[in-house]
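Inspection log for the structure reproduced underneath, given as structure tokens.
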Amino acid sequence: MQIGSGWTDHGLVFCQVDGTMLHPERFSRSFGDRVRQLGLPTIRLHDLRHGWATMALGGKVNARVVQERLGHANVGITLNVYSHVTDGMHDNAAETVADIVFGDR
């Protein structure tokens with residue numbers, strides 16, 4: 001895919017118009033400015049990563065897939081940092097085990 005005559009694909013998610021690296025601090029600052037302009041609640045760019053990982057794990061995306069998407073060295077890191085036990089998860093665990101023991105009800 002041709003982006004423009006000066007474009008070089010460096011495999012970056014966020015980059016300058018020519019494809020070269022955009023300094024992370026500059027992008028984070030720009031993100032924060034845009035959040036404020038839109039009147040959204042204050043959120044850091046990193047919070048989007050945390051939110052995605054938490055929702056993915058809560059939505060039963062395989063922890064190994066989440067680990068690979070985040071680039072963690074092992075799945076233990078992902079589970080230690082991003083999985084949170086909620087009341088809903090306790091209820092779901094109890095129902096799942098009850099279904100296993102007693103059959104689908």
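The values are calculated or read from the model by the stated rules, or taken from the named source; none is laboratory data. This is a predicted model, so every value here is computed, not measured. No Cβ is skipped: glycine too gets one built from the backbone with ideal geometry, and neighbour counts run over all protein chains shown.
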Got a number for residues in segment 80-105 being of a type in the set (A, V, I, L, M) and under 24 Å from VAL13 (Cβ atoms)? 1
Looking at segment 40-59, can you tell me whether even one residue there is in a loop (DSSP other than H, G, I, E, B), at positive phi and of a type outside the set (Phe, Trp, Tyr)? no
Mind counting the residues in segment 85-95 that are under 19 Å from VAL61 (Cβ atoms) and surrounded by fewer than 10 Cβ atoms within 10 Å (Cβ to Cβ)? 2
Selection count where residues are farther than 25 Å from VAL13 by Cα and at pLDDT 90 or above, scope segment 55-79: 1
